[in-house]
Structures are given as structure tokens and as C-alpha cells.
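Everything on this sheet refers to the single structure shown next.
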Amino acid sequence: MATTSLPVYLDYAAATPVDERVIKEMISCLSLEGTFANSAARDHVYGWQAADKVETARGQVAELVGASPLEITFTSGATESSNLAILGLARALKEQGDPRRHLITSLIEHKAVLECCRYLESHGYRVTWLTPLPDGSISPEQVAAALEEDTFLVSVAEANSVVGTISDVRAIARVCKARGVYFHTDMAQSAGYTGQVLKDSAIALASLTPEKLCGPKGVGALYISRALKVPVAPLILGGGQERGLRSGTVATHQVAGMGKAFEIMLKEGKSDYARLNALRDKLKQGLSALGGVKVNGSEEHHLPGVLSVTFEGVEGRTLLPSLRGVAASTGSACSSASLTPSYVLKALGLSDADAFASVRLSLGRFTTEEEVDKVLDIFKKTLPGLRQAFSATGD
Ligand SMILES: *Cc1c(COP(=O)(O)O)cnc(C)c1O
């Protein structure tokens, strides 16, 4: 447990602590007494047991999002899933002689999606990069207007990880399907909070990971719709595991951990949602009461635990370092290593200065009300000094 000297952890959108129940499940897959064997080993009971574990997990993952187990392929994470979805589809269609070379995505996708699209762009494909609406959502109308004769793929995340806005991906998928276009969605942040999104949907491909749901890193899954007969060529060749789509010995402990994390979300996601939403509200109201605070994203359709705020009248780059008692993020985890403002906030129309003066506070399963109170107190004590320092610079 966190000691009093450690900052309050409010960066659940970047990584979550693993639930003890998940850890227990993972440990049970490692030792000789446990389910350690190769799940592809058909000649002994150890292998059969490992295969059972993997199939149980596949069922748990499928159930949370409304898929069939046959539609779930295990990977090393949402990043690999998005690579397999976008590059694997492009390659399979090309091999079939499909002439289409246009795809659509948005400027605020996770880097895994952006870089796959950029790669295709540098290899003879054309990409339309949609600017999100001011609330951070992508609308079906925007997608419909961008579709072209040779569009084969649209990729839009269900929830944005920086501002937490949720887009209506089922509606976007319907628009795509009506035009014979495949739709991929990154559900890394939203799985478990948005219900059985894939059930009877027109969504062709979806990237999943347990790492934002108190499950382990280093494992994920790609949903591939059976009804839509989505062609996907593997990117990793070898022993032909995962029905040839993803070679490599299946990491039983990782996969079982993912299954357990998804099972817990199925049971507890609703109550988690309500509790987190209430804590987020408290945080939002407390910060708003300080004045000069703007909330980014949608107040209508958002993740329960993500709050992005911009502080007026502070030098952004000093903001988080001054708030030593709070572990949060100034952008997505991937862009915060460099000193460029969050590309997501920029795409939402924020100036460089405002983007720098923004913080994403993200809450999760183990966040307590006391922690939220503590964080509010820290902001209350620190903000006036930062504002004074900023105005003293004569800006
Ligand atoms: C965390 C995250 C990813 C990356 O997932 P990995 O499992 O680490 O590859 C992708 N997309 C979104 C929206 C995320 O939040």
C-alpha cells in the first residue's frame, strides 16, 4: 500500500495496479504444481490443463465485450492488436487483389493506430485524418462524409485516453458496413465500461487489453468479427498458434490474468463505474471551485475515471513538478516523455500554452475518497503560488 510520503496515484489511464485476484490467477499458471505447460502440447494432461486455462480466459474476454470466443485472438497488447488489425487487413486485402488503398482515422488516436496508418501512407496508401469535434468525439456524420470509393478501413477509438471522451463506435461501424468498409476500434480504455459493445454490431475489428482494468501489461487481444468475414494476414509467423493468426507459445499466465481481469469487470464494472464517476465529479467540482479551470472533453459521454483540466494563468511546464503529492499526466503516457504538448489537446484546438497547462487526472479501482480530498487540498494550496509566479513574469 502507498505510504504517506508517496504521491497519490491518479494515472490509471496510463497503467493500473494489478488486482490481487488477478495476481493469484497468474501465479497459479507458473509453477510445476500450476498450469505452466505449453497449451499447444496435445500429448499430456499438463498441456490439456493449460489449453483449458487459455480457453476459459478466451470466454471471459469475449463475454465482457459481447463477442464469441472464436472471435478472440490473444496478442501481446492493444498495440500489437491494432498493428494486426490495420496492417494485417491491408495485407490480406492486397493479397486478395483488392484495389482499395484509402483509409480513415482521427488525429487523436493512440500512437499504435497513428503509426500503422502513417506506415501505410508511406507505402502507397492514402489516409484521411479526421479532426475531432470540440468535445473530443468523432461522429458518424464525419466518417460518412470522408468515405471514398476506395476506402477499405476506418479506425476510431471508442474512448480517447487523454480526455476520456467516448464516441458512438456502433453507429460509426454501421455507416462503414453500409458502404462495404471495415471498421476497427481501439477499446483499450473503454472495455468493461461500455457494455457488450461488439454484440450484434457492425464492428469488424477491436483492440483489447487488460492493463487499464487492473490486469497485467504485456497481453491483449484482437476481436475479429466472424459475421463480417474479415480477412487478416498474420504479422508474426511461426508455430501457427491462435489459428495461425499469431504465432508464439501462448503466455498462459498473462492470458489467464487478462481473463480474470475481464471477469471481474463483468461482475463489478457497473459498481466501479458509479463510484468512479462520483469521485470524478467531486474532483471536477473541487477544482472548478478554485476558479480559472476548464474541463476538456465531453461532460456527457466520458470514461468514469478520466478528468482532463486546463488551468488558466499558470506556466504549464511548472504545474506537475510543483504538485509533488499528485502522480498524474500532462498528456498521454507516450507523448509526455518529450516536451511537445499533447497532440490530442492540440487537435482539440488548445493553444500550446493551454495544452502545457493541462493535467489528466485518472482514477481507478483503488482510488479512495480520502485521496481525492488530499489531491484537492494540494491543488488549493499550490495553485495560488503558481499563478502569482506566472503573473510576476509579466506575461
Ligand atoms: C494503453 C493503450 C494502448 C496500448 O496498449 P498496450 O496493451 O500497452 O499495447 C492502446 N490504446 C489505448 C487507447 C490505450 O490507452
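When all alpha carbon pairs of the chain are counted in 10 Å bins from zero, the resulting P(r) reads 5, 23, 30, 24, 13, 4, 1, 0 %.
Distances between placed amide hydrogens fall under 5 Å for VAL8 paired with VAL326, ALA327, all partners being 5 or more residues away or on another chain.
Here the sum of -39500 (n - 2.57) over DSSP H runs of 4 or more residues, divided by the residues of the chain, equals -12500 deg cm²/dmol at 222 nm, to the nearest 500.
Determine the sum of side-chain charges near MET265: Lys and Arg each +1, Asp and Glu each -1, restricted to other residues whose C-beta is under 12 angstrom from that of MET265.
Taking every Cβ under 12 Å from that of MET265, the sum is +1.
Which of the GluC sites (Glu not before Pro) across the stretch 1-94 are loop residues per DSSP, with 11 or fewer other Cβ within 10 Å?
Answer in residue order: GLU33.
Of the peptides 149-161, 84-96, the order by per-residue mean of other Cβ atoms within 10 Å, starting with the highest, comes out as 149-161, 84-96. Working from label points 7 Å from Cα in the Cα-to-Cβ sense, the ARG42 to GLU55 distance is 1.3 nm. Pairwise inverse Cα distances across the stretch 212-285, averaged and inverted, put the Kirkwood hydrodynamic radius at 15.3 Å. Computed over the chain with a Gaussian network model linking Cα atoms closer than 10 Å, the most mobile of ASP354, ASP377, ASP43 is ASP43.
Treating each Cα of the stretch 156-280 as an identical point scatterer and ignoring solvent, apply the Debye formula and state log10 I(q)/I(0) at q = 0.12, 0.14, 0.22 Å⁻¹. Evaluating at q = 0.12, 0.14, 0.22 Å⁻¹ gives log10 I(q)/I(0) of -0.52, -0.70, -1.37. Kirkwood radius and radius of gyration were both taken over the C-alpha atoms of the stretch 247-395, and their ratio Rg/Rh is 1.04.
Coordinate range of the alpha-carbon atoms in the stretch 1-96 per principal axis, descending: 59, 39, 22 Å. Distance from the alpha carbon centroid of the stretch 354-395 to that of the stretch 212-282 works out to 33 angstrom. Computed from the C-beta positions of ARG21 and ALA171 and an R0 of 35 Å, the FRET efficiency is 0.50 to the nearest 0.05.
Accessible surface for the chain, divided over its residues, is 43 Å² per residue with a 1.4 Å probe.
Overall shape of the stretch 283-365 was characterised from the C-alpha gyration tensor. The equivalent ellipsoid obtained from it has semi-axes of 17, 15, 14 Å, in decreasing order.
Averaging 1/r across all pairs of distinct Cα atoms in the stretch 250-299 and inverting the result yields a Kirkwood radius of 13.6 Å. Which of the lysines could a cross-linker bridge to LYS267, judged by Cα under 27 Å and excluding same-chain residues fewer than eight apart? The qualifying lysines are LYS24, LYS53, LYS199, LYS212, LYS217, LYS282. Which one, TRP129, ALA327, ALA221, is farthest towards the positive end of the dipole of the chain when Lys and Arg carry +1 and Asp and Glu -1 on their Cβ? Of the listed residues, the answer is ALA221.
Between THR393 and SER5, the distance separating the two model label sites (each 7 Å from Cα on the Cα→Cβ line) works out to 3.1 nm.
For a straight C-alpha distance cut-off of 16 angstrom, the lysines reachable from LYS346 (same-chain residues fewer than eight places away being disregarded) are LYS111, LYS294. When the Gaussian network model of the chain links Cα atoms closer than 10 Å, the mean-square fluctuations of ARG360, ARG21, ARG58 top out at ARG21.
The values are calculated or read from the model by the stated rules, or taken from the named source; none is laboratory data. Predicted model only: the values in this text are computed from it and were never measured. FYI the Cβ positions are ideal-geometry reconstructions off the backbone, even for glycines, and counts take in every protein chain you see. Side chains are part of the model used for accessible areas, which takes the heavy atoms of the whole protein and leaves out ligands, DNA and RNA. Shrake-Rupley method; radii C 1.70, N 1.55, O 1.52, S 1.80 Å.
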